[in-house]
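Contents: one structure, followed by commentary.
The values are calculated or read from the model by the stated rules, or taken from the named source; none is laboratory data. None of the values given here were measured: they were computed from a predicted structure. Cβ placement follows ideal geometry from the backbone for every residue including glycine, while neighbour counts extend to all protein chains displayed.
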Amino acid sequence: MPRVTFIGAGSTVFARNLMGDILSWPELAASTIVLHDIDETRLRTSEIVGRKIVETLGVPAVIEATTDRRRALAGADYVITMFQVGGYRPSTVIDFEIPKKYGLEQTIADTLGIGGIMRGLRTIPVLLDACRDMEELCPGAVLLNYVNPMSMLCWAVSRASSITTIGLCHSVQHTAHQLAGDIGVDPGSLEYECAGINHMAFYLRFGQRTEEGVRDLYPAIAERARTVPAPMRGDEERSDGGFEGLSDAVRYEMFRRLGYFVTESSEHFSEYVPWFIKRDRPDLLEEFGIPLDEYPRRCERQIEGWESLRQRLESPEGRLRVVQSMEYGSGIIHSMETGTPRTVYGNVPNRGLITNLPEGCSVEVPCIVDASGIKPTVIGALPPHLAALMQTNINVQSLTVEAALTGRRDHVYHAAMLDPHTAAELDLDQIWSLVDDLLEAHRGMVPESLHAR
């Protein structure tokens, strides 16, 4: 049975979902799950969750927990990363509050933008350090990365490590289900192909299987785009980490302009482009329902949810319900262990997969998984306007990875200069001063070499 190690297992709710997914497969029911986190309190809660999942399912799995990362990695067959360097406080708060002083507002700030750049600089060294341990302690293990900024991290690992890695997100499958609901189609009947970069992949084909063949659903999406409801706000958490009631107006607007539907949510996508969050156009925020500071609010809710879960589980009558999620991680492990083929969408190095995106960058494409491993699908050339839009984000990813791997501070400035949202709001002096302030605030969390001028 496989040995599966969770790095960052203190992300209790996410760890609970993945443990439940893995142990729900009969073929994986006797797996060993090793939980690692640097926070002993959170780790203890996740260990309790793991043992309650085993009890609920009645399976012979083994749950281990340790704050020693090397011990956790020794002999692992699969490593799942889900950590956040710097946590909500201080790092996420810094990523939002300092840019605000310059008039730069953000929604999520974990993938691109100045917040994504800083998160990448904090996280790449930690992930690569874990990969070096894996090269020594479990060189044949597969790394399933769920940490953001996804593209930057996967690109850095492919450049600096020999570990087999796939980056996993849930935006492709969740958006497909959401679109099916929008147009009144059974999600189980969908057939689609999607490709691009993480958080900026597009459905190249989106159809429905029928007795007569596959029916193109893009005309139905176009009709829906003409009647998108007015923006509204809400606070009921969705399974994809967003919240019910958040407007979807941004990506329907992008569909009208581009002719293809993007996978990532509107609150994310609005900060990857220069058109929606603008100081001199506050009306756009209301028109498109853009929730500034959405991620800090989400973090506060998640902290409250974790505390509530901890108290419930530690009470004698605490119970845990196990429900299969839509995450790809357990399916990959199942396919590799049993040989059962399945298709997942993963972030992998672009080695001839998308011909009009840079070689080596991280791309999100369908991958076939079976006992022989993970085999990405060759897509060929994307529609040129989609590739051009992705390139604006790839530029920022590339320079952030370069800064993290080489320690060159100037490339942090360059990444911020080329970021679409930052460049639309700030002049060059402001951008450089903002980078200086953020690097100083994150001292001790980013490579020391980046403090050299």
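Structure summary
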| item | result |
| --- | --- |
| Elements of type strands (runs of 3 or more DSSP E) in the range 342-383, at least 1 residues being of a type in the set (Phe, Trp, Tyr) | 342-349 |
| Residue check for MET336: among the aliphatic types (A, V, I, L, M) and under 30 Å from PRO219 (Cβ atoms) | no |
| Only listed residue being in contact (Cβ under 8 Å) with a residue 60 or more places away in the chain and either over 21 Å from the mean Cα position of the chain (by Cα) or outside the structural domain of HIS334 (by TED's automatic domain parsing) (or both), chosen from SER46, SER11 | SER11 |
| Test for GLU287: is it in contact with an Asp or Glu (Cβ under 6 Å, 6 or more places away or on another chain) and at pLDDT below 95 | no |
| Residues of the range 64-83 satisfying the condition of being small (Gly, Ala, Ser) and farther than 18 Å from ARG44 by Cα | ALA74, GLY75, ALA76 |
| Candidates LEU217, LEU190, LEU204, filtered to the one that is among the hydrophobic types (A, V, I, L, M, F, W, C) and in contact (Cβ under 8 Å) with a residue 60 or more places away in the chain | LEU204 |
| Given (1) surrounded by fewer than 22 Cβ atoms within 10 Å (Cβ to Cβ); (2) closer than 28 Å to GLU425 by Cα; (3) hydroxyl-bearing (Ser, Thr, Tyr), index of the condition SER151 fails | (1) |
| Enumeration of residues in the range 364-395 that are aliphatic (A, V, I, L, M), surrounded by 17 or more Cβ atoms within 10 Å (Cβ to Cβ), over 17 Å from the mean Cα position of the chain (by Cα) and under 17 Å from HIS199 (Cα atoms) | LEU382, LEU386, ALA387, LEU389 |
| Qualifying position, being closer than 30 Å to MET200 by Cα, among the charged types (D, E, K, R) and crowded, with 19+ Cβ neighbours inside 10 Å, among ASP129, ASP95 | ASP95 |
| Single unsatisfied condition, VAL34 versus (1) surrounded by 20 or more Cβ atoms within 10 Å (Cβ to Cβ); (2) out of contact with any Ser or Thr (no Cβ under 9 Å at 6 or more places or on another chain) | (2) |
| Hey, SER398 among the hydroxyl-bearing types (Ser, Thr, Tyr) and closer than 22 Å to TYR272 by Cα or not | yes |
| Enumerated helices (runs of 4 or more DSSP H) restricted to the range 243-327, each holding at least 1 residues that are over 20 Å from the mean Cα position of the chain (by Cα), in contact (Cβ under 8 Å) with a residue 40 or more places away in the chain and over 26 Å from ILE394 (Cα atoms) | 282-288, 294-313 |
| Those residues of the range 175-204 which are under 20 Å from the mean Cα position of the chain (by Cα), under 25 Å from ALA381 (Cα atoms) and either small (Gly, Ala, Ser) or surrounded by fewer than 19 Cβ atoms within 10 Å (Cβ to Cβ) (or both), in sequence order | ALA176, GLU193, ALA195, GLY196, ALA201 |
| Selection count, the range 17-46, where residues are in contact with a strand residue (DSSP E or B) (Cβ under 7 Å, 6 or more places away or on another chain) and under 18 Å from ALA76 (Cα atoms) | 9 |
| Residue identified as within 30 Å of GLU47 (Cβ to Cβ), of a type in the set (D, E, K, R) and in contact with a strand residue (DSSP E or B) (Cβ under 8 Å, 6 or more places away or on another chain) among ARG321, ARG298, ARG310 | ARG298 |
| Selection status of ASP248, farther than 30 Å from ALA195 by Cβ, of a type in the set (D, E, K, R) and not assigned by TED's automatic domain parsing to the domain that holds VAL93 | no |
| Enumeration of residues in the range 182-219 that are outside any strand (DSSP E or B) and closer than 20 Å to SER151 by Cβ | ASN198, HIS199 |
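Here is a yes/no grid of residues against (1) assigned by TED's automatic domain parsing to the domain that holds LEU386; (2) closer than 23 Å to LEU144 by Cα:
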site: PHE276; (1), (2): yes, no
site: ARG297; (1), (2): no, no
site: GLU300; (1), (2): no, no
site: VAL322; (1), (2): no, yes
site: GLY331; (1), (2): yes, yes
site: VAL348; (1), (2): yes, yes
site: GLY352; (1), (2): yes, yes
